[in-house]
Structures are given as C-alpha cells and as structure tokens.
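Working notes, beginning with the structure itself.
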Amino acid sequence: MRGANQSSVSEFLLLGLSRQPQQQQLLFALFLSMYLATVLGNLLILLAIGADPRLHIPMYFLLSNLSFVDICFSSTTVPKMLANHILGTQAISFSGCLAQMYFVFMFVDMDNFLLAVMAYDRFVAICHPLHYSTKMTHQLCALLVAGSWVLASLNALLHTLLMARLSPMRGANQSSVSEFLLLGLSRQPQQQQLLFALFLSMYLATVLGNLLILLAIGADPRLHIPMYFLLSNLSFVDICFSSTTVPKMLANHILGTQAISFSGCLAQMYFVFMFVDVDNFLLAVMAYDRFVAICHPLHYSTKMTHQLCALLVAGSWVLANLDVLLHTLLMARLSFCAGNAIPHFFCDVTPLLKLSCSDTHLNEMMILIEAGLIMIAPFICILASYVRITCAVLRVPSTKGRWKAFSTCGSHLA
C-alpha cells in the first residue's frame, strides 16, 4: 500500500468546443446532422452489401466492416455530446470516461487497420488479378479482420489500463494498493513443487496439442471448412486462456515472489474472462454448425457460409470484449485500501471485491446479470442444438448412419 493526501475524482467535466450559447446551438445542429448522415449513409452501405449476393466478395466485405466501424466510432462520442447539450450538463463519470477513451482508440485503430487491408486487397486485385481468388480467400479476409479487432482491442486496452492506474486527486486522506499478492493454491513447499510440475506439464500439453490442431487444419486444404475453422478458433482461444494465468504462476514460483501490479491484475482479469466468454460463444456456434450439418444437410453449404462463420466468430470476440470491459472498468473505479492478498493463483473478481473498501454493490449486481446471460445463453443454444441433433439422429434407420452422424460432433463434444 502507498499513502498520500488524496481522494479520487469520480467524474469529469466535458467543456465542449464553445461556451457561447449561440455557438453551442449551431454546433449541436451541425454535429446532429453530421451524425445522422454518417449513420444513415453507412447503414445503407451495409444493407446494400447484405442484400445483393453479387457484392459478397472480399472488397465489399471489407467495406462493410469499415462502414460498421465508422458507425461505432461516431456513436462513441457524438451522442454523449448531444445528450449533454440537451440535459444542460457537462459531467461524465470516471468509468464512463475510460470506456469512451477505450472505444475511441479501438475504432480509430480498427479504421487504420481496415484501410491497410483494403489497400492490400486492391493491390492483389490489380497487380495479381489471375491469383486474386486464390490469395484473397474468405478465410484470409476473416483472419485479417479478426486480427484487426484483436490488435485494436489490445492497444486500446493497454492505454485504458495505464490510465486506470492513475489517481485523479483532490485533497483528503486516503491510501491505495499498488500491487497484490497471489497466494497460490498452497503454502507448503513440497506441495508447491508438485503443483509447479503439474501445471507446467498441463500447460505444455495444452499449448502443444492445440498448436498441432492449428497446424493440421492450416496445412490441409480439405479441412478449410466451417467446422474446422471454428475448431481452429477454439484451439487458439484455449492456448491464449492457459497462457494468461499459468506462465505468471510458474514465473512467480521460479522467482520466489507473489507480487502482481494493480494494472497487471486488471489486465489478467480482463483476458481470463474474455477468453472464457469467447470459449462459451464458440461452443455455441459449433453446436449450431453441427445442428445445420445434421438436421439440414442439403442446405448446409448455403447456410454456413464463410461470411456467416467470420461474422459469428467476430461477433463472439466483440461481445466478449464488451462484457469483460464493463467488469474491468467497474473494477478500476474501486479503491483498494484494506489488504492486498489474493488467495488464488490468478486475479479473480470475487477475491478482489472482498479487498475493496468501496461500495461493490454495482459490481456484484452486474456480475450476476452479465455472467448469467453470458453463461446461460450459450448453454441454452448448445442444449437446444443437441436435442434437435439427437432427435434427428435417432430417426436414422441404420446404426452405422447414426454413428457416422454422431462422429461429426466428436471435436465439439471432446
């Protein structure tokens, strides 16, 4: 803990572009008209591309993503400014300010990445027209867009966490925790050695096993189908999830320390829950994929298109990021001045809330609501899909046919 004469600021004032009433009215009308034109124009682009199958090609897929990002970017700042003008206020909460900063930087980064990808798309189309269809595949486009989202989210998260650890000050007496202690699963030296060997072997098996899956899918063109595309994403998420907590625990054991910084703890919590959410969403998407393949085999190729798979995977990442960002920002606003010992090997929400000396009622309520929805919705989707799959398979007359149908679900069930 560190001590200082300070208390944290709970909100900021957005002074806007002008304090003159007449200019404010003019700016309100100008920004409102620009915002409506931006949103409606980009929505028309999205609808036009979605409605015309001839536009389902890489160039327009990237353009639709750019239009979506432009809508999101303008919706991050302008509505708040307009609402403040109407309500006659200038206030924005600390967590709201962090959230706005996160999304502004994320969408600016996304815009830059997508423009670079679109430039590469035009380069291939003009300079290598005969190889365009083989180079700019749907899988590559989905990978480039997903990579753009991930990189933009990571960059914006870094700046948000660095900002969250700063203390906006005003005079008062308060002390805050600068780091936490991860106590691990045991304090007995012999048990710690055993746990170290166990976790190291499990981590290596998880990473190597999933890397082999990724390499096998990437190397065999016959596996470039929706089922294995989703499986490769799941393997990537499993590698990331295990790499978020286990290496830190192993490093702490080797270095003989238990410390983790406040910003490092928030970052670890963010990624742990993000990968858990993505894992749940991907399992639900894989269940839907098997449902379509078994219950509607003749329509499988038209329903489970590359575009839909890319959209479902990207949607999983976006929803997971939004859910976890909410909990991270709510956690960042809390003050920790009681203790700093976490009885776990990673930063979990519940132990952190117990260490806070702030009111955690809002955090607990959001955990119940958000976590319930995030966990229950995919579970219902998986359960409903496999009930329909089971009913469809049981109607197959031959035992061999039933076994073949169930075997296609093996990767998901495993």
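The values are calculated or read from the model by the stated rules, or taken from the named source; none is laboratory data. Since we're looking at a predicted model, the values are computed, not measured. As a convention, Cβ positions derive from the backbone with ideal geometry for all residues, glycine included, and neighbour counts pool all protein chains shown.
So P297 ticks every box in (1) touching a residue at least 12 places away in the same chain (Cβ under 8 Å); (2) of a type outside the set (G, A, S); (3) closer than 28 Å to I225 by Cα but one. Which box is left unticked?
Single failed check for P297: (1).
Among the candidates F275, F281, single out the residue that is crowded, with 20+ Cβ neighbours inside 10 Å, of a type outside the set (S, T, N, Q), in contact with a Pro (Cβ under 7 Å, 6 or more places away or on another chain) and under 25 Å from L330 (Cβ atoms).
Criteria check complete, one pass: F281.
Being touching a Leu at 6+ places or on another chain (Cβ under 6 Å) and either modelled with pLDDT of 90 or more or farther than 14 Å from L182 by Cβ (or both) is the requirement here; does L234 meet it? First the steps, then the outcome.
Working: touching a Leu at 6+ places or on another chain (Cβ under 6 Å): yes; either modelled with pLDDT of 90 or more or farther than 14 Å from L182 by Cβ (or both): yes.
Yes, satisfied.
Return the residue satisfying two criteria in turn: it lies in the range 298-337 and is of a type in the set (S, T, Y) and closer than 27 Å to L181 by Cα, and of such residues it is modelled with the highest pLDDT.
That would be T328.
Just to be sure before I move on: is C240 part of a helix (DSSP H, G or I), in contact with a strand residue (DSSP E or B) (Cβ under 7 Å, 6 or more places away or on another chain) and in contact (Cβ under 8 Å) with a residue 12 or more places away in the chain in the structure I sent? Step through it out loud before you land on a result.
Details: part of a helix (DSSP H, G or I): yes; in contact with a strand residue (DSSP E or B) (Cβ under 7 Å, 6 or more places away or on another chain): no; in contact (Cβ under 8 Å) with a residue 12 or more places away in the chain: yes.
In short, no.
Quick one: which residue in T76, T38 is in contact (Cβ under 8 Å) with a residue 24 or more places away in the chain, more than 29 Å from R122 (Cα to Cα) and within 28 Å of the chain's Cα centre (by Cα)? It would help to see each step written out before you state the result.
Details: T38 fails: more than 29 Å from R122 (Cα to Cα).
Every option except T76 fails the conditions.
Can you give me the number of residues within the range 123-135 that are surrounded by fewer than 14 Cβ atoms within 10 Å (Cβ to Cβ), under 33 Å from the mean Cα position of the chain (by Cα) and either at pLDDT 90 or above or among the aliphatic types (A, V, I, L, M) (or both)?
Adding up the residues that qualify gives 1.
Report, by residue number, each residue of the range 217-260 that is small (G, A, S) and either crowded, with 17+ Cβ neighbours inside 10 Å or closer than 18 Å to T305 by Cα (or both). Explain how you work it out, then say what you get.
First, the residues of the range 217-260 that are small (G, A, S): 218-219, 232, 235, 242-243, 251, 256, 259.
Answer for the range 217-260, where residues must be small (G, A, S) and either crowded, with 17+ Cβ neighbours inside 10 Å or closer than 18 Å to T305 by Cα (or both): S232, S235, S242.
Can you pull out every residue in the range 147-178 that is surrounded by fewer than 18 Cβ atoms within 10 Å (Cβ to Cβ), of a type in the set (A, V, I, L, M, F, W, C) and modelled with pLDDT under 85?
V150, L154, L158, L162, M163, L166, M169, A172
In the range 245-291, which residues are of a type outside the set (G, A, S) and in a loop (DSSP other than H, G, I, E, B)?
Correct list: T257, Q258.
Looking at L195, L214, L181, which one is of a type in the set (A, V, I, L, M, F, W, C), part of a helix (DSSP H, G or I), modelled with pLDDT under 85 and surrounded by 15 or more Cβ atoms within 10 Å (Cβ to Cβ)? Before the answer, list the steps.
On the way: L214 fails: modelled with pLDDT under 85; L181 fails: part of a helix (DSSP H, G or I).
Answer to the check: L195.
Restricted to the range 353-392, and to residues that are surrounded by 13 or more Cβ atoms within 10 Å (Cβ to Cβ) and outside any helix (DSSP H, G or I), which residue is modelled with the lowest pLDDT?
S358
Please give the strands (runs of 3 or more DSSP E) falling wholly within the range 1-100 in which 2 or more residues are surrounded by 12 or more Cβ atoms within 10 Å (Cβ to Cβ) and either modelled with pLDDT under 80 or not acidic (D, E) (or both). Give the derivation first.
Details: elements: 2-4, 11-13, 91-93.
So the answer is 11-13, 91-93.
Looking at the range 333-352 only, could you name the residues that are more than 18 Å from the chain's Cα centre (by Cα) and assigned to a helix (DSSP H, G or I)?
Within the range 333-352, T350, P351, L352 meet the criteria.
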